[in-house]
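Values in this text are rule-based calculations from the coordinates and carry no lab data. This is a predicted model, so every value here is computed, not measured. Heads up, the Cβs are rebuilt from the backbone with ideal geometry, glycines too, and the neighbour counts pull from every protein chain shown.
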Amino acid sequence: MEEQYKRNPNTNCTICNKPIYRRPIEIKRTNGKAYCSNACFGISCRRERPCVICGKPILGGLHKKTCSRGCANKHRKGIKYRLNRPRDKVRNYQRLKVRLLAQRGKTCERCGYDKYEILQVHHKDKNTSNNELDNLELICPNCHFEEHFLKKSWLNKKDWRVGRAVYGASPENS
């Protein structure tokens, strides 16, 4: 059976340049962009950037800079990772802890707990940028938790017993 309505092409596909017919109002609505298939439309939607090493196009939405592991190794070759790390909080914290351990001993300064591996550095004035040695304290995690969170505990609220009565425990039993 023959096609009844044969249209003459009035525009070309934006991607592959194949002659196609589109209604004039559609051409106007899409500012002259027309596609012959979903595949060509998909290609037009891709955002590609060139690889910083070889220039091969890679998808732009993936936050990649290089197209392959080989290019990534070439890109990483000149970077000196261990030099000039001014804002490395972990290293600074470790240095402070080692210095305090050597100076004040390997026990909690409040309760005397002696597993020094888990001791934590506490700032007495709660200002983490004030790293003066007289402002620092080596304390165990339990003492540290008490220092920061015991005052805010929901158990310190006066009406917590009312909540227990609601859940089945009477206030007289406690």
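Computed from the C-beta positions of Asn142 and Arg91, the FRET efficiency with R₀ = 25 Å rounds to 0.45.
How much length would be gained if the chain were fully extended between Asn31 and Arg47, taking 0.36 nm per residue of separation minus their Cα-Cα distance, in nm to one decimal?
Values: separation 16, 0.36 × 16 = 5.76 nm, distance 1.95 nm.
3.8 nm is the gain from fully extending Asn31 to Arg47.
Sorting the segments 9-22, 136-149 by their residues' average number of neighbouring beta-carbon atoms within 10 angstrom, most packed first, yields 136-149, 9-22.
For the stretch 99-109, backbone phi angles converted through the Karplus equation (6.51, -1.76, 1.60; θ = phi - 60°) give residue-by-residue couplings of 5, 5, 4, 5, 7, 10, x, 10, 10, 5, 6 Hz, Gly and Pro being listed as x.
Once amide H atoms are built 1.01 Å from N in the peptide plane, which residues 5 or more positions from Ile58, or in another chain, come under 5 Å H to H? Amide H to amide H, under 5 Å and 5 or more residues apart or across chains, Ile58 pairs with Arg49, Cys51.
Just how large is the dipole of the stretch 4-132 about the Cα centre, in debye to the nearest 20, putting +1 at every Lys and Arg Cβ and -1 at every Asp and Glu Cβ?
Working: 33 positive and 8 negative charges, 103 e Å.
Value, rounded to 20: 500 debye.
What FRET efficiency would be calculated for the residue pair Thr11, Leu59, taking the C-beta separation as r and a Förster radius of 25 Å, to the nearest 0.05? Mind dumping the intermediate values first?
On the way: r = 28 Å, r/R0 = 1.13.
The calculated FRET efficiency here is 0.30.
As a rough guide to protection, the peptides 99-108, 41-50 ranked by mean Cβ packing within 10 Å, highest first, stand as 99-108, 41-50.
Taking each pair of distinct Cα atoms in the stretch 89-149 once, what is the resulting Kirkwood hydrodynamic radius in Å? Can you show the working numbers first?
Values: mean 1/r = 0.0863 Å⁻¹.
Taking the inverse mean of 1/r over all distinct Cα pairs, the stretch 89-149 comes out at 11.6 Å.
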